[in-house]
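All remarks here apply to the structure that follows.
The values are calculated or read from the model by the stated rules, or taken from the named source; none is laboratory data. Everything quoted here is computed from the prediction, not taken from an experiment. Every residue, glycine as well, gets a Cβ built from its backbone with ideal geometry; the counts of neighbours run over all protein chains shown. When the accessible area is computed, the model is the full protein with side chains, heavy atoms only, and any ligands, DNA or RNA have been set aside. Shrake-Rupley method; radii C 1.70, N 1.55, O 1.52, S 1.80 Å.
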Amino acid sequence: MANRGPSYGLSREVQQKIDRQYDPELEQVLVQWILAQCGGDVPRPEPGRDNFQQWLKDGTVLCRLINSLHPRGQGPVGKIQASGMAFKQMEQISQFLQAAERYGIAATDIFQTVDLWEGE
């Protein structure tokens, strides 16, 4: 998660509500589906909300996922590469989000790049 101090008041209540809604069983279902869809060379994350977020954070798994939903060689994300640089990671997340919208996901159902990157 992002390096932020403790939240207070309404912000804390909202964060607690979000935390209560997190479903570890659903996380495992999603991990299984993503791994099956992307193929065997995608590493499995350790269980837990923070680990799941870190697994998706650089955008490579997401880009591979959206490419897997298209015929081989016709994926919308041409170049997928792991990078430790924040702007490259956020760029890949953004490419995934653009491709997801073109795929048919409603814009209102799509998160913002910074939300995933910061673990919001």
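The table that follows gives values for the structure above.
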| quantity | calculated |
| --- | --- |
| Leu97 vs. criteria in contact with a Phe, Trp or Tyr (Cβ under 6 Å, 6 or more places away or on another chain), open to solvent by less than 30 Å² (accessible area, probe 1.4 Å), among the hydrophobic types (A, V, I, L, M, F, W, C) and in a helix (DSSP H, G or I) | no |
| Sole exception among (1) modelled with pLDDT of 80 or more; (2) assigned to a helix (DSSP H, G or I); (3) over 15 Å from the mean Cα position of the chain (by Cα) for Asp41, by number | (2) |
| Unique residue being part of a helix (DSSP H, G or I) and either touching a strand residue (DSSP E or B) at 6+ places or on another chain (Cβ under 6 Å) or surrounded by fewer than 18 Cβ atoms within 10 Å (Cβ to Cβ) (or both) when the list is Glu46, Glu91 | Glu91 |
| Looking only at segment 68-87, and only at residues there that are open to solvent by less than 60 Å² (accessible area, probe 1.4 Å) and in a helix (DSSP H, G or I), the one that is nearest to Gly40 (Cα to Cα) | Ser68 |
| Failed criterion for Val29 (all others in (1) part of a helix (DSSP H, G or I); (2) hydrophobic (A, V, I, L, M, F, W, C); (3) under 25 Å from Ala86 (Cβ atoms) hold) | (3) |
| Residue list for segment 100-115, filter: of a type in the set (A, V, I, L, M, F, W, C), in a helix (DSSP H, G or I) and either open to solvent by 60 Å² or more (accessible area, probe 1.4 Å) or closer than 19 Å to Asn67 by Cα (or both) | Ala100, Ala107 |
| Test result for Ile18, over 14 Å from the mean Cα position of the chain (by Cα), modelled with pLDDT under 90, β-branched (Val, Ile, Thr) and not in a helix (DSSP H, G or I) | no |
